[in-house]
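A short write-up of the structure that comes next.
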Amino acid sequence: MLMQANSLPTRHFLQLKDFDATAIDYLLARSRLLKARHRRGDVYQPLHGKNLAMIFEKNSTRTRVSFEAGMNQLGGDALFLSARDTQLGRGEPIEDVAEVISRMVDVVMIRTFEQAIVERFAAHSRVPVINGLTDEYHPCQILADIFTYIEQRGSIRGKTVAWIGDSNNVCNTWLQAAKLLDFNMHVSTPPGYEIEPERGESFESMHLECFTDPLDATRGADLVTTDVWTSMGYEEEIEERKKIFADYRVDQEMMALANPDALFMHCLPAHRGEEVEANVIDGPQSVVWDEAENRLHTQKALLEYLLLGQITD
Ligand code: CP
Ligand code: NVA
């Protein structure tokens with residue numbers, strides 16, 4: 001295994017399951033501490049002199065700002081690289097880009113299309129690589145979502161998360177989380193948009209149950225969550241999907257079937273009136289703003305962990 005200059009192994013975060021439950025529990029506890037420190041206004045800059053390169057092949061608000069602000073708060077710097085403006089946009093091989101960039105910075109975050117792209121990058125990188133969203137997975141999002149659930153309601157173990165809508169990158173990552181952290185997923189997608197068999201981490205376990213009717217999926221859930229009907233990269237399907245997904249809008253009827261203290265989450269950006277009714281996302285059960293803020297705290301814990309290992313102070 002490659003080692004970093006400080007002799008820590010070069011670990012990547014390309015999928016949630018790249019980390020075991022112990023590492024995830026550590027990150028969640030560390031996020032809590034870093035959040036409290038940040039709230040108090042403490043200055044904590046262990047990454048002074050370190051650089052994060054952020055490569056974006058798709059748009060972003062939260063991922064970009066949380067990584068950039070987080071790196072700055074930890075004393076380091078972040079470089080925003082749009083694929084369009086770099087030689088990547090003119091066809092430079094990803095392997096060559098990885099070889100070069102990873103000799104210049106200490107950690108890399110990539111938002112791109114196929115998961116294979118981040119895997120190829122990581123295979124040629126001397127430094128840790130973080131998946132900032134691919135077509136298949138969004139591990140940083142689920143780290144923040146689980147942190148948010150625990151912050152609001154305590155342990156997620158044994159709880160039920162209802163996913164309504166498209167079986168996309170965020171859904172796939174929830175499935176990995178369910179298996180790792182031992183909770184249940186109820187998934188309801190329109191016919192033809194079911195979970196791909198290779199993503200169904202828990203098809204043969206207690207962790208996943210699929211429902212045709214979204215009302216059945218939300219019944220008894222502790223958390224109801226959804227995402228856009230059309231993810232980035234699938235824009236030509238927008239109009240067709242609006243028709244197909246029309247019955248998979250999270251509304252008050254669905255929320256009423258969930259547990260009375262159920263939360264609502266959405267990774268954002270949201271389309272009110274499409275995948276979620278405004279009175280749900282803007283209602284009392286919604287924690288979407290905390291969820292977005294927690295991207296900052298959980299990713300600071302992640303950056304610290306990848307660059308410095310486990311910290312006890
Ligand atoms: N949830 C999320 O990743 O948001 P952005 O696309 O704005 O980064
Ligand atoms: N599933 C969405 C998530 C955006 C943060 C997408 O991939 O576009």
remark   = Here the FRET efficiency for Glu95 versus Leu215, based on Cβ atoms and R0 = 51 Å and rounded to 0.05, is 0.60
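Using 0.36 nm times the number of residues separating Asp182 and Met206, minus their current alpha carbon distance, what extension gain do you get?
Values: separation 24, 0.36 × 24 = 8.64 nm, distance 0.90 nm.
The Asp182-Met206 span can extend by a further 7.7 nm.
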query = Taking the alpha-carbon centroid of each part, what is the distance from the stretch 1-29 to the stretch 244-298 in angstrom?
reply = 30 Å
ask   = For His138, His186, His266, what's the fewest-to-most ordering of other Cβ within 10 Å of each Cβ?
value = His186, His266, His138
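Do the alpha carbons of any pairs in Lys242/Lys300; Lys58/Lys242; Lys159/Lys300; Lys17/Lys300 sit beyond 25 Å of each other, and which pairs? Walk me through the intermediate numbers first.
Values: Lys242/Lys300 36 Å; Lys58/Lys242 22 Å; Lys159/Lys300 27 Å; Lys17/Lys300 19 Å.
Beyond 25 Å: Lys242/Lys300; Lys159/Lys300.
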inquiry  = Please compute the contact order of the stretch 169-302 in relative form: average sequence separation of alpha-carbon pairs under 8 Å and at least six residues apart, divided by the residue count, as a percent.
reply    = 21 percent
task = Just name one of Val108, Val161, Pro9: the one whose Cα is farthest towards the positive end of the charge dipole of the chain (beta-carbon charges, Lys/Arg +1, Asp/Glu -1).
result = Pro9
remark   = The residues Trp163, Trp289, Trp229, sorted from fewest to most surrounding Cβ atoms within 10 Å, come out as Trp289, Trp229, Trp163
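Tell me, what is the percent relative contact order of the chain, built from C-alpha pairs under 8 Å that lie six or more residues apart? Present the calculation step by step, with values, prior to reporting the outcome.
Details: 602 pairs, mean separation 61.1, N = 313.
The normalised contact order for the chain reaches 20 percent.
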note = Note, Arg90: beta-carbon cut-off 15 Å, +1 each Lys/Arg, -1 each Asp/Glu, net -3
ask   = If the chain between Asn6 and Asn279 were fully stretched, how many nm would it gain, using 0.36 nm times the residue separation less the Cα-Cα distance?
value = 93.3 nm
ask   = Using θ = phi - 60° and the Karplus curve 6.51 cos²θ - 1.76 cosθ + 1.60, what whole-Hz ³J(HN,Hα) does each residue of the stretch 298-313 get, with Gly and Pro shown as x?
value = 5, 6, 5, 4, 5, 4, 4, 5, 5, 8, 10, x, 6, 10, 10, 8
request  = Mind pulling up the Rg/Rh value for the chain? Radius of gyration and Kirkwood radius, both on Cα.
outcome  = 0.96
ask   = How do Asp247, Asp145, Asp313 line up, fewest other C-beta atoms within 10 Å first?
value = Asp313, Asp247, Asp145
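Evaluate E = 1/(1 + (r/R0)^6) for Asn72 and Phe113, where r is the Cβ-Cβ distance and R0 equals 25 Å; express this FRET efficiency to the nearest 0.05.
Details: r = 28 Å, r/R0 = 1.12.
Given R0 = 25 Å and the Cβ-Cβ separation, E is 0.35.
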ask   = Does the stretch 189-254 classify as rounded, prolate or oblate by the C-alpha gyration tensor (a ≥ b ≥ c root eigenvalues; a/c under 1.5 gives rounded; else a/b over b/c gives prolate, otherwise oblate)?
value = oblate
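With the Cα gyration tensor of the stretch 212-313 giving a ≥ b ≥ c as the square roots of its eigenvalues, does the rule (a/c under 1.5 for rounded; else a/b larger than b/c for prolate; else oblate) give rounded, prolate or oblate? Don't skip to the answer; put the middle values down first.
Values: a/c = 2.57, a/b = 1.53, b/c = 1.68.
The shape class here is oblate.
Since every read-out is calculated from the coordinates, none of them should be taken as a lab result. From a predicted model like this one, the values you see are computed outputs, not experimental measurements. Glycine also receives a Cβ, built like all others from the backbone with ideal geometry; neighbour counts cover every protein chain displayed.
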